[in-house]
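The values are calculated or read from the model by the stated rules, or taken from the named source; none is laboratory data. As the structure is a computational prediction, the values presented were derived from the model and not from experiment. Methodologically, a virtual Cβ is constructed for each residue, glycine included, from the backbone with ideal geometry; neighbour enumeration extends over all protein chains shown. The accessibility values were calculated without ligands, DNA or RNA, using every heavy atom of the protein model including side chains. Shrake-Rupley method; radii C 1.70, N 1.55, O 1.52, S 1.80 Å.
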Amino acid sequence: RAAAGRGAPVTRGDRRRGFALPLCLLALVACGRDARTPVVVYSPHGRDQLKLLETAFERWRPDIDIKWLDMGSQEILDRLRFERVNPQADVWFGGPTTIFDRGIADSLLAPYTPSWAGSVGPDGVGPASLYWPVYRTPVVIAFNNRAVPAPEAPQDWDEILAPRWHDLVLIRDPMASGTMRAIWGYIIERSLRETGDTTAGMAWLRALDRNTKTYALNPAILDQKLAREEGVVTLWDLPDILISQGKGMPFGYLFPRSGTVVIDDAIALVTGSQHAEAAQAFIDYVGETEALLLAARGVYRLPARQDLPVDSLPAWVAEVDRTMKVVPMDWPLLAREGAAWMSYWDQHVRGTGKQLKD
């Protein structure tokens, strides 16, 4: 790309060659770009991780050009549905397996067994090799640690409903986010286990709505608002909070005392991929040891594979495994019923919490 502006000096007497030279160089650059096989990746993993893996993969496979679009998991599903007759993506990289299951129902995923398939599972593996788990993504209670000392932050799910957090909670818009849909699913599943129906779960979400100052459209806005103390508490995923900490943002976190949701974060080949072989190479790469360690060290991703050498993993991985308690989740139930639950929440619960009496 840098070569586009370079060339031998051009004499004043040869203006036509002077104009032609940059055009020729641009044509050569375009040809050079065209020589690489493009792979389009839709992912919610964010710029930091996507750029990191793009650079590393392209060093390994300089014949492939990774092009990624960063969007929420639900947005990916909606876009793939829209593009079904003319697929534009090659790989869906990231999001809960429940939303991948919805993609299967719409015939959006193609079977592929990656080179590392024998090192994961059975949890998080899709039917007929249609998706595979790459990471485990824990949910945390996060807070602005300039405004809230760790001992005073909510220590468990129900504590975030306390009156002291009124108008101080920030939530990523659940309709666009696979992470938030998993949290909402846990709350409603807990209601089903304890009471036999979803009423108590929806009441819990309405109480949270009462304390919620705003629903952030994307993770970047959530970070900004939390850093500026527009709200001081949120529910979000551990990797994003650790990345933000590394950038100097005043964020602390803790795992809910009673246990937390841990999402099997998957990858899949898109049906109708125009560059399936190159896409499969990328899928192979992200689950290999080198890429998993790169993601663990650089962007705090917890590998789904259990066969990685313990001494090669960063210290934070062992600390998470030591301190985190995982709650049981009925992922198939969430895959079947989650869309209906979210629709009900969006239409009947969102924005109604302020009507509740203390």
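Some observations on this one:
- Structure remark: mean-square fluctuation, Gaussian network model of the chain, C-alpha springs under 10 Å; the largest value among V262, V139, V148 belongs to V148.
- Most mobile listed residue (P174, P111, P127) in the chain, GNM with C-alpha springs under 10 Å: P127
- Label point at F82 placed 7 Å out along Cα→Cβ; residues across the stretch 158-182 whose backbone nitrogen lies under 16 Å: 176-177
- Against the criterion of solvent-accessible heavy-atom surface with a 1.4 angstrom probe, H166, H45 sort, most first, into H166, H45.
- By the rule of a C-alpha distance below 15 Å, with chain neighbours fewer than 8 residues away ignored, the aspartates and glutamates paired with K247 are D48, D223.
- Going through (1) 21.2, 84; (2) 19.2, 59; (3) 23.0, 88, the figure that equals Rg and Dmax of the Cα atoms in Å as computed for the structure here is (3).
- Placing R181, R59 in order of accessible area, with the largest value first and a 1.4 Å probe, yields R59, R181.
- Beta bridges by DSSP in the chain, antiparallel share as percent, to the nearest 5: 60 percent
- Helix 46-60 and the longest principal axis of the Cα set of the chain meet at an angle near 40°.
- Taking the longest Cα principal axis of the chain as reference, the axis of helix 15-35 is set at about 50 degrees.
- Environment charge at G353 (Cβ cut-off 10 Å; Lys +1, Arg +1, Asp -1, Glu -1): +3
- Folded to 0 to 90 degrees: helix 199-211 orientation relative to the chain principal axis, Cα: 70 degrees
- Accessible area ranking (1.4 Å probe, heavy atoms, ligands and nucleic acids excluded), largest first, for T137, T214: T214, T137.
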